[in-house]
Structures are given as structure tokens and as C-alpha cells.
Amino acid sequence: HINDDDNNLYSIAAVRLSFQDEKNGRQPIYKDINGSKIILSFNGEIYNFKSIINDLKKESKINLRTESDTEVLLELYLKFGIKFYEIIKGMFAISIWDERFNKGYLITDFLAQKPIFYFYSNNVLYYSSEINSLKKIIKNDEILNINQDAINDLLTLSCILNGETIYNQIKKLKPAELLEYDLEEKKIKTQITKQFNIKKLNYNLSESEVIKKIRNLLLKAVEKRIDNNKKQSIYLSGGL
């Protein structure tokens, strides 16, 4: 919690799957800068966080309290500002509160694999990784009404598009979207942080070249996600 004399300005709670640094990696994590707290919580996994740690240690003296990818995100934010998301590779939903500027940020990865749902009312921003959590906070079901366009999308396409949800009042961050909440100005704004360039297909590749290329891409993708300090296992879903 962060409080002033009259109000609770910011509250956050997090329950995590303890994979990185089970002992010390509890969230949220924070740092005190000249009496102002910067608080970060995150859902997901950063695949290149160990190489980022090495780079940070080469550039400057840095003392990390944990061996988690969460603390690395906080250090990157302090060093590069909100555009730190350009450096990280992984799947993530990140929330940051910066007391120095009275601003909060929500960020998703380029596919929004880890969701963030939010509800903005009376200059207060509520957010969660699950809609049901927001419903419990909102409590009054009368202010929530069904989004008919979302139902049409769901029945037609088996998914809901464009940051909408089943409720008109609750939104979902789009892929590669950044939300900024300014407490002083009492407003939120969003922007897409990554534009996708559709590459032209090369139809002149032979079948063996295609197989080799796909194999190399799969191997690189798996290598990024493997932590050699942990035992590995694989299960195949119905999709495979």
C-alpha cells in the first residue's frame, strides 16, 4: 500500500507461480528512491533476464537482492524508463507504480499471452489478470452490462477482439499495449508499443530448405525458454 493523509493511493496484491527464485522472489517488489517508492509486479517469464543481468553488471555496479526476473524488470525501468519493454523477451503482463511522478503503467507482451483486464471509474483504475477479481472489487453487478458485440465475436470467431470483454465496462489490454495512468491529471491513455511488419513469403525455397529453417527456429525458441538450473519435462496438449 501507498497512502497519503486522506487516501489509499495505490494497493497491489500478487500471487505467483514460484518458478524463478522460489525463496526470495516474492511480489510485488519495490525500490525506494529518495523517499519515493517504485513498485513492480509481473506475471509471466522473461527469457533473456540472465543475459540482461550480465549486461547490467558490466555497465554499472548493481546489487540484486533476488535471482528472479521480476527484480531485473525493476532495474531496467529505473535505468531506461518505461521503454525498457524494448529490451525484454518473453511473455509478460507488468504493472508499475512510480511514486516519484504519481504515474502507473500496465504493459503486455506483443501477443498479450498474459492478460490484463481493467476497469476505470471515478478516476480510479482497477486491474487484474482475471475478470472475476474485478467483479469482486466492483461488487455492484448493476453497473456491469453485457457487451453484445463481444458475444457476437465469441460465437462467430471463438474469441473477443480489440481489447473488449464480455462486459462493456471492463476492457482488456491489446497485444503490445501500454496503459499509463496519471494520478495528477486523473486520466488514462493507451498506446501500441510494437508494430508488426508482415514479411513477404519466399516461394522459391525447396522443401528441404523450409524444413531446415523451421527446425532451426524451433530449436532457438526452445533454447530461449530452457532454464538449465531446473529439471525439464514436456507434455503434448490436444493441439499437438
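For region 33-190, with the dipole built from +1 on Lys and Arg beta-carbon atoms and -1 on Asp and Glu ones, taken about the Cα centre, which of ILE151, TYR127, ILE138 lies farthest toward the positive end?
Looking along the dipole axis, the top candidate is TYR127.
If R₀ is 35 angstrom, what is the calculated FRET efficiency for the pair LEU56 and ASN123, using the beta carbon separation as r and rounding to 0.05?
Calculated value: 0.45.
What does the charge count around LEU154 come to, taking other residues whose C-beta lies under 14 Å from its C-beta (Lys +1, Arg +1, Asp -1, Glu -1)?
Around LEU154, the surrounding residues sum to -2.
Here are some pairs, LYS83/LYS186; LYS37/LYS231; LYS139/LYS194; which of them have Cα atoms lying more than 32 Å apart in this structure?
Over 32 Å apart, Cα to Cα: LYS37/LYS231; LYS139/LYS194.
Over region 14-173, what number does the Rg to Rh ratio reach, with both radii from the alpha-carbon atoms and Rh per Kirkwood?
Across region 14-173, the Cα-based Rg/Rh ratio is 1.02.
Say R0 is 22 Å: what FRET efficiency, to the nearest 0.05, do VAL222 and LEU111 get from their beta-carbon distance?
0.80
If you count only protein heavy atoms with a 1.4 Å probe, what accessible area per residue comes out for the chain, rounded to a whole Å²?
For the chain, the solvent-accessible area averages 69 Å² per residue.
How far is it, in nm, from the label point at LYS103 to the one at GLU86 when both lie 7 Å from their Cα along the line to the Cβ?
Placing both labels 7 Å beyond Cα along the Cβ direction yields 1.5 nm.
For region 116-127, what does the Karplus curve 6.51 cos²θ - 1.76 cosθ + 1.60, with θ = phi - 60°, yield as ³J(HN,Hα) per residue in whole Hz, taken in order and with x for Gly and Pro?
Residue by residue, region 116-127 yields 10, 9, 9, 9, 10, 8, 6, 6, 10, 9, 10, 8 Hz.
Using amide H atoms built 1.01 Å from N in the peptide plane, name the residues 5+ places from TYR10, or on other chains, whose amide H lies under 5 Å from its own.
ILE2
Summing +1 for each Lys or Arg and -1 for each Asp or Glu, what net charge is found among the other residues whose Cβ lies under 14 Å from the Cβ of PHE80?
Once all neighbours under 14 Å are counted, the net charge is -3.
Could you work out the helix-only [θ] at 222 nm for the chain, with each DSSP H run of four or more residues adding -39,500 (n - 2.57) and the total divided by the number of residues, to the nearest 500 deg cm²/dmol?
-8000 deg cm²/dmol
Would you mind calculating the gained length between LYS37 and ILE151 on full extension (0.36 nm times residue separation, minus the Cα-Cα distance), in nm to one decimal?
36.9 nm
Once phi is turned into θ = phi - 60°, what whole-Hz ³J(HN,Hα) does the Karplus curve with 6.51, -1.76 and 1.60 give for every residue of region 67-74, x standing for Gly and Pro?
Per-residue couplings from phi come out as 10, 9, 6, 5, 5, 4, 4, 5 Hz.
For the pair SER11/ASP182, report the inter-label distance in nm, with labels modelled 7 Å from Cα in the Cβ direction.
Label at SER11, label at ASP182, 2.7 nm between them.
List the residues, sorted by chain then number, that are 5 or more residues from ASN48 or on another chain and whose placed amide H is less than 5 Å from its amide H.
Hits under the 5 Å cutoff: LYS89.
Gain in length, SER158 to THR66, computed as 0.36 nm per residue apart minus the alpha-carbon separation, to one decimal in nm?
Extra length available between SER158 and THR66 comes to 29.0 nm.
Would you mind calculating the gained length between ILE192 and ILE211 on full extension (0.36 nm times residue separation, minus the Cα-Cα distance), in nm to one decimal?
Net length gain for the segment: 3.5 nm.
The values are calculated or read from the model by the stated rules, or taken from the named source; none is laboratory data. Keep in mind the model is a prediction, meaning the values are calculated, not measured. In this analysis, Cβ positions are derived from the backbone assuming ideal geometry, glycine residues included, and neighbour counts consider all displayed protein chains. The accessibility values were calculated without ligands, DNA or RNA, using every heavy atom of the protein model including side chains. Shrake-Rupley method; radii C 1.70, N 1.55, O 1.52, S 1.80 Å.
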